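Participant: Here it is, the structure, as structure tokens.
The values are calculated or read from the model by the stated rules, or taken from the named source; none is laboratory data. Note that the coordinates shown come from a computational prediction; the quantities given were computed from them, not determined experimentally. With ideal geometry, Cβ positions are generated from the backbone for all residues, glycine too; neighbour counts draw on all protein chains shown.
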Amino acid sequence: MRRVKSDPKPKSAGRKRPVRPRDAQTTRAALISAATTLFNGPGYFATDSNAIARAAGYAPGSFYKHFSDKADVLLAVYESYVAAEWNGLRAAFDAGGSTRERLRRALEFIVDFHCAWAAFRTGIRAVARIEPAVARALGQSREKQLSLLAEATGLSVAKNGAGLLLTLSIVERLADTVIEGESADLRIDRAALLNAAERAILPLVTPG
């Protein structure tokens, strides 16, 4: 990330605490942004609300004016994650070409995206085992994923739900295989893995 060089302080200015925006929307967005960085870096369990508030540039007590607890801000981060994931997938599918070409772009995107969010994904799956609200959010997201995948492929969840769910499972396992280094350990390169996934998924997302 490029670091923007700030203007030097006048010598007479002394040390002053930076003025932070006070409107609720800006503060909430800053907290979510800070939580995103921390959850996808040190991880959910290595982060607390005080660290999130400080990283956002606010006093620790500011956190609880916007979120009830750490799991609450995790859900807000997850909303952003889901939106970014599906915006990327829509772009891959909407770019045109054959079904195979669209699928390949989607696979390339999802592997890169999941790799970039690896720590966050590990954390939220672990939290879902102990936080019912997070587990519910993941379940609701899965339903939305099926609907969006059906829309992108021209299939029906009612008729093709099993195949669509299997597609999502294959894609997620594909990304985990790359992230965890399993394919590298077995000396299977990324291109070969994507080719195999493409062949497995294509019949599942092709109408007819």
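Participant: Determine, yes or no, whether GLU101 is closer than 21 Å to ARG190 by Cβ, surrounded by fewer than 17 Cβ atoms within 10 Å (Cβ to Cβ) and out of contact with any Ser or Thr (no Cβ under 9 Å at 6 or more places or on another chain). I'd like the intermediate steps shown before the answer.
Facilitator: Details: closer than 21 Å to ARG190 by Cβ: yes; surrounded by fewer than 17 Cβ atoms within 10 Å (Cβ to Cβ): yes; out of contact with any Ser or Thr (no Cβ under 9 Å at 6 or more places or on another chain): yes.
Criteria met by GLU101.
Participant: Are there any helices (runs of 4 or more DSSP H) wholly within segment 143-205 with 2 or more residues that are under 27 Å from ALA119 (Cβ atoms) and not assigned by TED's automatic domain parsing to the domain that holds ALA118, and if so which?
Facilitator: Of the helices (runs of 4 or more DSSP H) lying wholly inside segment 143-205, none has at least 2 residues that are under 27 Å from ALA119 (Cβ atoms) and not assigned by TED's automatic domain parsing to the domain that holds ALA118.
Participant: Within the set of pairs 6+ apart or on separate chains, which have a first residue in segment 170-198 that is without any contact (Cβ under 8 Å) to a residue 24 or more places away in the chain, a second that is small (Gly, Ala, Ser), and C-beta atoms under 7 Å apart?
Facilitator: So the pair list comes out as THR177/SER183; LEU193/SER183.
Participant: So, one more: Which of the residues that make up segment 104-117 are surrounded by 16 or more Cβ atoms within 10 Å (Cβ to Cβ) and either among the small types (Gly, Ala, Ser) or closer than 16 Å to ASN87 by Cβ (or both)?
Facilitator: ARG105, ALA106, PHE109, ILE110, PHE113, HIS114, TRP117
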